[in-house]
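Notes for the one structure printed next.
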Amino acid sequence: EKGGWSSFMAKEVAEQPDAVANTIRGRIVDGVVSIPELDQLGDDALRSIRRITVVACGTAAYAGMVSKYAIEQWARIPVEVELSHEFRYREPVIDDGTLVVSISQSGETMDTLMAVKYAREQGAKAISVCNTQGATIPRESDAAVYTHAGPEVAVASTKAFVAQITALYLFGLHLARVRGTLSEDELAAQVAELQAIPEKITTVLEQGERVGELAHWMSDTRSVLFLGRHVGYPIALEGALKLKELAYIHAEGFAAGELKHGPIALIEPGQPVFVVVPSPRGSAALHPKVVSNIQEIRARGARVIAIAEAGDAAVLPFADEVIRIPLAGPLFEPLLAVVPLQIFAMELSQAKGLDVDQPRNLAKSVTVE
Ligand code: F6R
């Protein structure tokens, strides 16, 4: 039940620190990541895979895109992320060196289920990242790594998304350990970053009121753009998806590096643009690039709302609003930066008097094609 919350979504957004902590629980023992559910696959199988194909839809696919950066960096395995419905109709190249990882909150998404079945018929092993015990997709897979976000009632996915990224990061660290691609110290540093996330999400949630005020000021906005790079890119896509589905506002997410290749033509005076800014410490190469993107769009009149690390002063002269997230390793920023975007979409929906939990035309689980 909703408890004291105005909506299931508000409750589920607030539950995100627990969703992450519960997904980690039992999978980090004495600082070492180990996912017992993968034992049935065997470490030899994990050592012999040559590539990973992630299949998912919607928000779950964005969790997959975030995890690509981490898994490739940590385990040095190529990862491709595909929308399930695109994957299954194009005779994808799959063999017994391919590990298919599906991501689904409900575990019932028809296109994702069919993608998994197809891949297994081609000889691939399939792992399901799922939030619903005993659902069809985990049953049709070789192993299931459950997210423990708890039941998600609001149609728009929030706590399941952060739990999916958490489970995929644990999987990436498990692979890195088994394959010996990270030193013990490197592994320990990443594990510590992950364990610190629940508390940091709590810090981000404390700014909810300010983000809500921003949404209320912007309630007559007709279009919002979202920019990000690296792991911030799928977060930009997710911010745009949340705003479309909850507030029925035209929204698009772009990789910031694409601006000059087209999207900058959309910038006109007053256009709101959210920018996910990478850490100046952790992403020293990317940070100045994103700051210069901000300058470019600001010079054309954009209204910039930056989501930036605490203490990052470089954004201050150019951003109209700055929403702060705590310091975290570069790969961990998505788990923090997504939270204000969820709250923004939720509050804007409420400001327009819409039903945040049950947006029009959408269903919680898409069991038809
Ligand atoms: C967006 C949203 C959807 C789902 C997608 C996949 O807020 O909830 O995009 O993420 O329909 O659903 P699952 O994860 O159940 O396969």
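The residues listed here are A196, A189, A135; of these, the one that is farther than 19 Å from Q342 by Cα and either touching a Gly at 6+ places or on another chain (Cβ under 6 Å) or β-branched (V, I, T) (or both) is A135.
When the stretch 260-279 is filtered for residues that are buried (at least 20 other Cβ atoms within 10 Å of the Cβ) and not hydroxyl-bearing (S, T, Y), the ones remaining, listed by number, are P272, V273, F274, V275, V276, V277, P278. Can you tell me which residues in the stretch 29-42 are touching a residue at least 40 places away in the same chain (Cβ under 8 Å), out of contact with any helix residue (DSSP H, G or I) (no Cβ under 7 Å at 6 or more places or on another chain) and not hydrophobic (A, V, I, L, M, F, W, C)? Listed by number, the residues that qualify are E37, Q40.
Based on this model, can you work out whether A215 counts as part of a helix (DSSP H, G or I), exposed (fewer than 14 other Cβ atoms within 10 Å of the Cβ), more than 16 Å from the ligand (Cβ to nearest atom) and modelled with pLDDT of 95 or more?
Here the answer is no, as A215 does not meet what is asked.
When the stretch 24-56 is limited to residues that are touching a Pro at 6+ places or on another chain (Cβ under 9 Å) and part of a loop (DSSP other than H, G, I, E, B), the one that is farthest from A167 (Cα to Cα) turns out to be R50.
For the stretch 25-39, the count of residues that are within 16 Å of the ligand (Cβ to nearest atom) and surrounded by 16 or more Cβ atoms within 10 Å (Cβ to Cβ) is zero.
Note on the stretch 135-157: residues that are over 18 Å from A56 (Cα atoms) and part of a helix (DSSP H, G or I) total 0.
A single entry from A351, A314 fulfils the requirement of being closer than 13 Å to L243 by Cα and surrounded by 16 or more Cβ atoms within 10 Å (Cβ to Cβ): A351.
Residues satisfying the criterion are absent from the stretch 112-122 (criterion: within 23 Å of the chain's Cα centre (by Cα), within 11 Å of the ligand (Cβ to nearest atom), part of a strand (DSSP E or B) and buried (at least 22 other Cβ atoms within 10 Å of the Cβ)).
A count restricted to the stretch 319-369 and to residues that are more than 14 Å from the ligand (Cβ to nearest atom), touching a residue at least 60 places away in the same chain (Cβ under 8 Å), assigned to a loop (DSSP other than H, G, I, E, B) and not small (G, A, S) stands at 4.
The residue of the stretch 43-94 that is nearest to L331 (Cα to Cα), among those that are without any contact (Cβ under 8 Å) to a residue 40 or more places away in the chain, touching a strand residue (DSSP E or B) at 6+ places or on another chain (Cβ under 6 Å) and within 14 Å of the ligand (Cβ to nearest atom), is V81.
In the stretch 123-148, of all residues being within 11 Å of the ligand (Cβ to nearest atom) and closer than 23 Å to V13 by Cα, the one that is surrounded by the fewest Cβ atoms within 10 Å (Cβ to Cβ) corresponds to T132. Count of the stretch 272-302 residues, restricted to those that are more than 22 Å from L348 (Cβ to Cβ), assigned to a loop (DSSP other than H, G, I, E, B) and touching a helix residue (DSSP H, G or I) at 6+ places or on another chain (Cβ under 6 Å), is 5. Condition (residue is away from the ligand (no atom under 16 Å from the Cβ) and outside any loop (DSSP other than H, G, I, E, B)) applied to the stretch 95-108: is it met by at least one residue? Scanning the stretch 95-108 turns up at least one residue that is away from the ligand (no atom under 16 Å from the Cβ) and outside any loop (DSSP other than H, G, I, E, B).
The values are calculated or read from the model by the stated rules, or taken from the named source; none is laboratory data. If you're wondering where the values come from, they're calculated on a predicted model, not measured in any experiment. Here Cβ is always computed from backbone atoms with ideal geometry, including for glycine, and neighbour counts include all displayed protein chains.
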